[in-house]
Amino acid sequence: MTRGQKCVFFPLLAIALCLCIANVDAGITLQPPVKLKWHYYRQHTTCTYAEEFVRHQVKLFWKADRSITAKLLRLLYSDCFVTGCDASILLDGPDSEKTAPQNRGLGGFVAIDKIKEVLEDRCPGVVSCADILNLATRDAVHLAGGPAYPVFTGRRDGMSSKAATVDLPSPSISGGEALAYFKSRGLDVLDLGTLLGAHSMGRTHCRYILDRLYNFNNTGRPDPSMNKAFADQMRKQCPQRTKKGQSDPLVFLNPESSSKYTFTESFYKRVLSYQSVLGVDQQLLFSNDTLQITQEFAGGFEYLRRSLALSMSRMGNINVLTGNAGEIRRNCRYINDGKTQ
């Protein structure tokens, strides 16, 4: 079934998907098995106002620092795409997932800790860290101009976190490699094109784009798919070699959003004008499906909002723990016996 051709109403998510992406074969529902429930805490637990507590805390963090949206988006991706949405990325330990090279620079942990502290004070032992991360990300996305999509809840927390399990790919991979990675997680090409829109905001270290700027595919030249004026601009921010004692500079993923940290269609417009910062984003132009998706989203932000609502829910459904699996952590940084496995 395609997420296009006609207007589809999917009551379970309460999302009207009126996309004009006529030839892209993509899911319009959560991938099975669906183990989570909408309004789980309100209808099935004593923590009736769990989502409201999360939303209030996120708003406080967002008012103080709008970069919290980008931080939580990356944190959720780093959690769900490894062993599933089980909050294993939040566990501390000398060899935990957060110590993996791919996760260097992750943020948002303090916000999750604070939300968990508030919830444990009001309804101890009820709300999982995995659900907190998904809910907090949704609320931060909405504050940044994205959709207020429904989050299915009822996740439980994983009890293991190993750096060796982290297989997050390089941002320089090809479009085909990126799609294969998404498909290995039960997602599809429209999820890929949509979720890369998270790069509408946030920053990255120059080391992730030096190959594009100076030595693309070991040619000794810049990536030919990069707008020349933009490449010149980026080289000024990212020197080929940093001076002794100088840290790796940070650059905005979307210079038009920059420090405003807002969702807009400008990310996709920049892809179309060959002004993507990350190589994987520019790859959206080089297949018929992702080109069509990019053109649709660049032409209408409402299409992106609707697709983002479903794709975020689909990502949040990857390998979740429910029932008697896992646990409800008292502290998101440690499993309940105090040891990270």
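Numbers below:
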quantity	calculated
Residue count, region 199-227 (criterion: crowded, with 18+ Cβ neighbours inside 10 Å and at positive phi)	1
Condition met for Asn336 (open to solvent by 20 Å² or more (accessible area, probe 1.4 Å), part of a loop (DSSP other than H, G, I, E, B) and of a type outside the set (A, V, I, L, M))	yes
Set Phe297, Phe267, Phe230, Phe263: member being open to solvent by less than 20 Å² (accessible area, probe 1.4 Å), over 24 Å from His142 (Cβ atoms), in contact (Cβ under 8 Å) with a residue 24 or more places away in the chain and aromatic (Phe, Trp, Tyr)	Phe230
Out of Arg314, Arg306, sole residue that is basic (Lys, Arg), closer than 30 Å to Glu120 by Cα and assigned to a helix (DSSP H, G or I)	Arg314
Residue within region 286-293 that is out of contact with any helix residue (DSSP H, G or I) (no Cβ under 8 Å at 6 or more places or on another chain) and either of a type in the set (Gly, Ala, Ser) or on the phi > 0 side of the Ramachandran plot (or both) present	no
Residue that is nearest to Gln233 (Cα to Cα) [pool: residues in region 292-303 that are small (Gly, Ala, Ser) and assigned to a helix (DSSP H, G or I)]	Ala298
Subset of region 71-94 [at positive phi, out of contact with any Gly (no Cβ under 7 Å at 6 or more places or on another chain) and open to solvent by less than 10 Å² (accessible area, probe 1.4 Å)]	Gly84
Count of residues meeting criterion [surrounded by fewer than 22 Cβ atoms within 10 Å (Cβ to Cβ) and modelled with pLDDT of 95 or more] in region 105-138	15
Condition check for Asp92: within 26 Å of Arg314 (Cβ to Cβ) and in contact with a strand residue (DSSP E or B) (Cβ under 7 Å, 6 or more places away or on another chain)	no
Lone unmet requirement of (1) closer than 30 Å to Arg305 by Cβ; (2) touching a Cys at 6+ places or on another chain (Cβ under 7 Å); (3) open to solvent by 20 Å² or more (accessible area, probe 1.4 Å) for Pro249	(1)
Residue match in region 47-59 (condition: crowded, with 16+ Cβ neighbours inside 10 Å and either farther than 22 Å from Pro147 by Cα or modelled with pLDDT under 95 (or both))	yes
Residues of region 59-87 satisfying the condition of being under 16 Å from Asp131 (Cβ atoms) and free of Cβ contacts under 8 Å to residues at least 12 places away in the same chain	none
Check on Thr99, within 19 Å of the chain's Cα centre (by Cα), open to solvent by 10 Å² or more (accessible area, probe 1.4 Å) and either modelled with pLDDT of 95 or more or acidic (Asp, Glu) (or both)	yes
Residue identified as at pLDDT 95 or above, open to solvent by less than 20 Å² (accessible area, probe 1.4 Å) and out of contact with any Cys (no Cβ under 6 Å at 6 or more places or on another chain) among Leu143, Leu196, Leu179	Leu196
Residues (open to solvent by less than 30 Å² (accessible area, probe 1.4 Å) and among the polar types (S, T, N, Q)) located in region 156-176	Ser161
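The values are calculated or read from the model by the stated rules, or taken from the named source; none is laboratory data. Keep in mind it's a predicted model, so treat the numbers as computed, not measured. So basically every Cβ, Gly included, is an ideal-geometry build from the backbone, and we count neighbours across all protein chains shown. SASA here: full protein model, heavy atoms, side chains in, ligands and nucleic acids out. Shrake-Rupley method; radii C 1.70, N 1.55, O 1.52, S 1.80 Å.
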